Every structure is written in C-alpha cells, then in structure tokens.
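The next block holds one structure in the form of structure tokens; read it before the comments.
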Amino acid sequence: PLFHVEAVQGTTARLPCNLTSQIDADRVSLVIWYKEGQSTPIYSFDVRHTEMLDKGLHHEGTGSLNGRSHFNTTSLSSFIITNVKGQDNGLYRCRVDFIKSPTRNIKIQLSVIVPPDSITIFDAKGTQLPHYILGPYNEGASINITCVASG
Ligand SMILES: *[C@@H]1O[C@H](CO)[C@@H](O)[C@H](O)[C@H]1NC(C)=O
Ligand SMILES: *[C@@H]1O[C@H](CO)[C@@H](O)[C@H](O)[C@H]1NC(C)=O
C-alpha cells in the first residue's frame, strides 16, 4: 500500500504505519523506517525483548532528521517529523516484523510544501501593486490581477 501525506515546511508531518497484526494472538517485534535514497534506516523501534509497546526501544538513525522524529506507537501509530524541511520530501517505508505474521511493508510518500520566497502582484496594466493593496473597486466588479510566485 502507498499513502500520501502532505506537510507545509515548518509544521509537523504524520506518516501512518499500522502495527496491528492480522492475526489475533500476534504482536509486533521490530519496526524499521527507511527513506528512499538512504542506505541505513532512519529510525527503529525494537520490541523484541518485551510484550509492551511502551517498553520498546526507540532509536533515530544518524542523518538529516537530527532529533526531529519520533515514532508514536499508540492506536493510530505514526511516525512524527517535527519542523518539516524541504529535504524531508520523499518516499518512506515502514517495515513491520511480527512474531508470527509475515513482515508488512507500508510506503508513504511525503510531499513537503515549501512556501515561495516572494510573491509579486500585478494589476491588469502590468503595474506592480505596492503593499499588496488593491482598489478601491465597486462591489461586484471583476478585476484581473497576476500573481508571480518565485522560489
Ligand atoms: C490495521 O491493520 C489491522 C489488521 O490488518 C486492521 O484490522 C485495522 O483496521 C488497521 N487499522 C488501520 C487504522 O488501518
Ligand atoms: C480579465 O481577463 C479575461 C481573459 O483575458 C478577459 O476575458 C476579461 O475581460 C478580463 N476582465 C477584466 C475586468 O479586465
């Protein structure tokens, strides 16, 4: 399965990864997060030594996340990335090993929305509008403006 997640730069992204087994008497043993283009895992969650998720061992790999990530393992488990950066954009994979069930792989495409560096507005004559103020116009009037976003 492939999920799509969007996050604006500077906000928090939540990448879903279901830890519930399809078999009742089963549980998760190890979760590893990968990012496409990175050879080493970006995060691991190890529950091989315990039956309780809250006793699991969290480990963020070395890399660009740099303390900004955490795997929230409550009912709607998701990988949380805070202060999202443009470089976080990409394809993530959550690999879930269970005690009995086959390994589950979930892919999540994170699209980071980076606001433009600058916005310029021009009126119909091509004149740049200072301070983004238009008008006055009569109520109901139609106007044409051009917005140029860069960066
Ligand atoms: C997680 O997976 C289990 C087993 O496949 C399923 O029953 C459950 O609905 C899933 N939960 C979510 C939130 O997708
Ligand atoms: C706005 O531009 C459209 C398309 O060029 C044109 O048809 C329309 O008449 C213009 N409206 C005004 C108020 O200038």
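Of the residues that make up segment 102-121, is at least one within 16 Å of ligand 2 (Cβ to nearest atom) and either within 32 Å of the chain's Cα centre (by Cα) or exposed (fewer than 10 other Cβ atoms within 10 Å of the Cβ) (or both)?
Yes, the conditions are met somewhere in segment 102-121.
Could you tell me whether any residue of segment 82-94 is in the same structural domain as residue 18 (by TED's automatic domain parsing) and without any contact (Cβ under 8 Å) to a residue 40 or more places away in the chain?
Looking through segment 82-94, at least one residue is in the same structural domain as residue 18 (by TED's automatic domain parsing) and without any contact (Cβ under 8 Å) to a residue 40 or more places away in the chain.
Which numbered condition trips up residue 97, out of (1) in a helix (DSSP H, G or I); (2) within 16 Å of ligand 1 (Cβ to nearest atom); (3) among the charged types (D, E, K, R)?
Result: residue 97 fails condition (1) only.
Of (1) closer than 17 Å to residue 106 by Cβ; (2) in a strand (DSSP E or B), residue 7 satisfies all except one. Which?
(1)
Just wondering, is there one or more residues in segment 126-138 that are of a type in the set (Phe, Trp, Tyr), more than 16 Å from ligand 2 (Cβ to nearest atom) and surrounded by 14 or more Cβ atoms within 10 Å (Cβ to Cβ)?
There is no residue in segment 126-138 that is of a type in the set (Phe, Trp, Tyr), more than 16 Å from ligand 2 (Cβ to nearest atom) and surrounded by 14 or more Cβ atoms within 10 Å (Cβ to Cβ).
The values are calculated or read from the model by the stated rules, or taken from the named source; none is laboratory data. It should be emphasised that the depicted structure is a prediction, and the values quoted were computed from it without experimental measurement. Cβ sites come from the backbone with ideal geometry, for glycine too, and all protein chains shown count toward neighbours.
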